[in-house]
Amino acid sequence: MISRFRLARWSATLAAAAVMAAPTNAQVVPAARGVTLEKVADFGHQVTGVTVAEDNRIFVNFPRWTEDSPVSVAELEDGAVRPFPNEEWNAWRNARKDELSPGEHWVCVQSVVADGKGNLWVLDPAAPAQATIVPGGPKLVRVSLASNTVLQNIRFPEDVALQGSYLNDVRFSPDGKWAYITDSGVRGAIVVVDLGTGEAKRLLDGDPSTQPKKGLVVKADGKPLRRPDGKGVEFAADGIALTPDGAWLYWQAIKGDTLYRIATSALVEEGWNGQDIAGKVETVGRNGVADGLLIDRAGKIMYVTSPEDDSVKVRNLNLPGTEPRTILRDARLRWPDTFSQGPDGSVYVTTSRIQDSAFFKPDAPIALPTSLWRLKMGN
């Protein structure tokens, strides 16, 4: 069990470590007019997801990639992390995998999303080190923000969360009936979930739009990003975004440079019923290598993280065929990962520093310091 005192001390220690471990060659490229970058928090572990609820509560998650992180899902409170919804859900460890049920504990959480309806949803692909899935672990869990209690636990069967899959990020239809999930694993797909029944289906499974792009090499610091064995980045469908009216779903593979979309009606009315919807996928345009996607509440602008050059781009969705433009480039944004928009319009982004992790740098620390940032857009 982790006491509140130990958590506060842990957070303070990790924040100091993060500052010490930050890149020393940080350079700032002038941002677009009115855009500023502010640090919100430092962490001593590799963060991926972030979400800001309608009441301004901030939640983050730490996947078990190169270490057995002591906290998987946390709420930020005065700069400290508090296990969410409680310590018991965060008690799972690799060494205790035969003692604790993976279905009622966080195994390897990749994404957290507040739905604006009083809930925090937690997506757990349950694949520590992005390797073998822990049987019974893949799930999508709804937690009440009012009571911090679990209200719904959707467990994914093996024909949805295949071995080799990695459920990555999730978006929810405005009516609360459907969830859409990207699978960035060996075989990319869009997983559609009926939130009423808990049934889930893999759609566009193996479709070119959800797969890594052959021949594309993801770079970092101007060089191909490769593991010690020479293998490069192979993430399939990853970034995902939904228009505010719920009509269009967008996604992109990390090992890819092209943004795709499909009408959600094709997913839930045709694909859900077994019809072939590959022909309904539309190519939006080239984003370059990207990870996180976010559509603003007006539905006009898509924010895009660009991990190859530590930048954030925006795409005008009202101008089809145009290229995204860079609004901020800052070397402190080491692998900008996930976006969330706060109630005041500020955009939050995590930096997961994937290129600095032990996956690609064997001498990297097992616990990799990372950060959470806020972009303010002025007026």
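The values are calculated or read from the model by the stated rules, or taken from the named source; none is laboratory data. Keep in mind the model is a prediction, meaning the values are calculated, not measured. Reconstructed Cβ throughout: ideal geometry from the backbone, glycine too, with neighbour counts over all protein chains shown.
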Is it the case that some residue within the stretch 259-271 is over 22 Å from Asp296 (Cα atoms) and surrounded by fewer than 17 Cβ atoms within 10 Å (Cβ to Cβ)? yes
Enumeration of residues in the stretch 200-215 that are charged (D, E, K, R), in contact with a helix residue (DSSP H, G or I) (Cβ under 9 Å, 6 or more places away or on another chain) and in a loop (DSSP other than H, G, I, E, B): Asp207
Exclusive hit being touching a Lys or Arg at 6+ places or on another chain (Cβ under 9 Å) and not aliphatic (A, V, I, L, M), set Gly136, Gly44, Gly116: Gly136
The stretch 143-199: strands (runs of 3 or more DSSP E) wholly inside it with 1 or more residues that are among the acidic types (Asp, Glu), on the phi < 0 side of the Ramachandran plot and surrounded by 24 or more Cβ atoms within 10 Å (Cβ to Cβ) are 167-172, 178-183
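Gly299 - would you say it is among the small types (Gly, Ala, Ser) and either under 18 Å from Thr350 (Cβ atoms) or in contact (Cβ under 8 Å) with a residue 24 or more places away in the chain (or both)?
yes
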Within the stretch 124-136, take every residue that is crowded, with 24+ Cβ neighbours inside 10 Å and in contact with a strand residue (DSSP E or B) (Cβ under 9 Å, 6 or more places away or on another chain) and give me the one that is farthest from Asp245 (Cα to Cα). Ala127
Conditions (1) more than 27 Å from Arg64 (Cα to Cα); (2) in contact with a Gly (Cβ under 7 Å, 6 or more places away or on another chain); (3) of a type in the set (A, V, I, L, M, F, W, C) -> Ala253 fails only (1)
Just give me the residues in the stretch 103-142 being among the aliphatic types (A, V, I, L, M), under 15 Å from the mean Cα position of the chain (by Cα) and either in a strand (DSSP E or B) or on the phi > 0 side of the Ramachandran plot (or both), in sequence order. Val112, Val113, Ala114, Leu120, Val122, Leu123, Ala126, Leu140
Where the second residue is at pLDDT below 95 and the first is over 20 Å from Gln130 (Cβ atoms) and lies in the stretch 91-102, which pairs have Cβ atoms under 9 Å and are six or more apart or on separate chains? Ala91/Met1
Output for the stretch 337-375, where each listed residue is surrounded by fewer than 24 Cβ atoms within 10 Å (Cβ to Cβ) and β-branched (Val, Ile, Thr): Val347, Ile366
Is there a residue being outside any loop (DSSP other than H, G, I, E, B) and at pLDDT 95 or above anywhere in the stretch 357-369? no
